[in-house]
1. Taking 7 Å along the Cα-to-C-beta vector as the label spot, tell me the E45-N71 distance in nanometres, rounded to one decimal.
2. Would you mind ranking K66, K139 by Cβ crowding within 10 Å, fewest neighbours first?
3. May I have the convex hull volume per residue, in Å³, for the Cα set of region 47-162?
4. Testing the spin-label approximation: label points 7 Å from Cα along Cα→Cβ at K80 and T125. State their distance in nm.
5. Pop the C-beta distance of F151 and R109 into the FRET formula with R0 = 35 Å and round what comes out to the nearest 0.05.
6. Grab region 25-161 and count how many Lys pairs have their alpha-carbon atoms under 25 Å apart, sequence gap of 8 or more, or different chains.
7. Along Cα→Cβ, 7 Å out, is where each label goes; now give me the distance between the ones at T134 and D62 in nm to one decimal.
8. Would you mind putting 154-160, 40-46 in packing order, based on average other-beta-carbon counts within 10 Å, highest first?
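Bear in mind that the values in this text are calculations on the coordinates, not laboratory data. Fair warning: this is a prediction, and the values are worked out from it, not measured in the lab. Note that we place each Cβ from the backbone using ideal geometry, even for glycine, and neighbour counts take in every protein chain shown.
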Amino acid sequence: MFVNTAVLLSLVGFASATAVPRQSSPFGRLHPYEKGTELCVAASEPTVGAIVGLVKCHASTDEGSKLELYNITNSGTYNKQRIALQAYPELCLDGGARAQANDQITLQRCDKPNSTNGQLISYSTAGYLSFQNTYCFHKKSDSEIDIQSCFLMNQEIVFYPS
């Protein structure tokens, strides 16, 4: 009797062996690719022009986490997206009007005129955070990020979201 009931429930949709995947969090952190790293990409302050660098990651409940939580998911690649702070959605990561080697990444208004190249960021399966002109985020040191050619092909230009 029990087997027949389970079959009947499955047929009418009341029981299922199919797992429903959890939806990814809409906000996440960006980290340089290093095993066991506790570094997060973070803005120095929530203002236009603030420098973006690396800091030790904060707990999600800490005030400092507001400067390192972005409107990204950890579920895959994306192409030409603006990355804004969760707590300050009007502020986006920006590489300048035309990202170039050795430039800094800053926060700018997401609706900034002429921000097409500097705010449209792609994330590849290889872990590159790139601007439209083949320049990528680059871990310069344990506290600094700059922009370098994506053709460096080394670990310092690989980042991952979480």
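1. 2.4 nm
2. K66, K139
3. Once divided by residue count, the hull of region 47-162 is 96 Å³.
4. Inter-label distance under the simple model: 2.1 nm.
5. Efficiency, from the Cβ-Cβ distance: 0.70.
6. Count of close lysine pairs: 14.
7. Each label point is offset 7 Å from its Cα along the Cβ direction, giving 3.9 nm.
8. Taking the mean over residues of other Cβ atoms within 10 Å, the ranking is 40-46, 154-160.
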